[in-house]
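Computed from the coordinates by the stated procedures, all read-outs in this text should not be read as laboratory data. Given the structure is predicted, the values throughout are model-derived calculations rather than measurements. Don't worry about glycine lacking a Cβ; one is built from the backbone with ideal geometry, like all the others, and counts go over all protein chains shown.
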Amino acid sequence: DQKPESPDSTDQESTDADRAPTDEEMEKKLAEREEQQFKQAEDELRQAIKSIPELQRLAENLVIDRTEEGLRIQIVDQDGQSMFPLGSAEIPTYTRNLMGQIAKVVQKLPNKVAVSGHTDAKPYASAKGYTNWELSADRANSSRRALMDAGLPAYRIARVVGKAQMDPLIAADPLNPRNRRISVVLLRDHQAPETVEGPPAPPPAAAPAPQKRADVPKPLKVN
């Protein structure tokens with residue numbers, strides 16, 4: 001014979017089923033879903049690079065990992081294969097095509113995007129005060145334009161920065177060519193700055209100027 005379920009246990013199961021998830025549980029579920037989306041995006045990007053003959057040779061220039069900030073996609077220089085001409089922020093066709101594939105994958109997700117440019121520690125030779133700071137910032141901005149040209153909406157861009165040689169990929173070798181790179185980060189939800197999409201609200205209308213009171217004619221004085 002089966003034992004009848006006690007009323008207490010049935011009530012407890014019903015209570016557990018009806019209980020709304022806590023904020024902590026919701027955050028955990030959202031983080032797990034985001035992690036799955038990042039993994040899928042990484043797999044799609046790697047597969048896209050492998051399937052396009054002209055980009056296959058650039059597979060070694062692509063470094064993808066997940067950090068506390070989000071899904072980080074880095075386009076790095078290699079010996080004999082630079083992503084930008086020496087000392088220039090003009091983006092070559094092959095780098096632009098690679099950025100196009102990144103944009104296709106990134107725009108499928110709602111997360112904000114951060115773009116940063118990095119150089120190695122070799123000083124930029126310029127008599128006009130143009131340094132690695134300017135070069136890295138200009139390359140980051142060129143990359144932003146390439147992503148947008150490939151379809152990434154402008155409102156998805158959270159920030160664009162140049163970091164010069166201050167954040168090396170190979171810290172033990174500041175002159176390593178892999179330190180010259182562009183980093184595109186798909187930001188986790190808690191990392192993205194709060195922004196308002198759409199056009200800014202119009203400024204409040206100016207208060208109307210107070211009207212001058214008309215002079216009231218004085219009564220005639222009768223002697």
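For this structure, a couple of remarks:
- Packing rank of 108-116, 26-34, where each peptide gets the mean count of other beta carbons within 10 Å, highest leading: 108-116, 26-34
- Of K28/K112; K108/K128; K50/K128; K28/K108, those spanning more than 31 Å from alpha-carbon to alpha-carbon: K108/K128; K50/K128
- Relative contact order, percent, the stretch 26-187 [alpha-carbon distance under 8 Å, six or more residues apart]: 29
- ³J(HN,Hα) computed for each position of the stretch 149-166 - Karplus, 6.51 cos²θ - 1.76 cosθ + 1.60, integer Hz, glycine/proline x: 4, 8, x, 6, x, 4, 5, 6, 7, 8, 6, 9, 9, x, 10, 6, 9, 7
- Residues in the stretch 134-167 reached by a label modelled at E44 [backbone nitrogen below 14 Å; 7 Å Cα→Cβ]: 151-153
- Between A20 and I52, full extension at 0.36 nm per residue minus the direct alpha carbon distance yields a gain of 6.8 nm.
- Shape category assigned to the stretch 26-187 from the gyration tensor of Cα positions, a/c cut at 1.5: prolate
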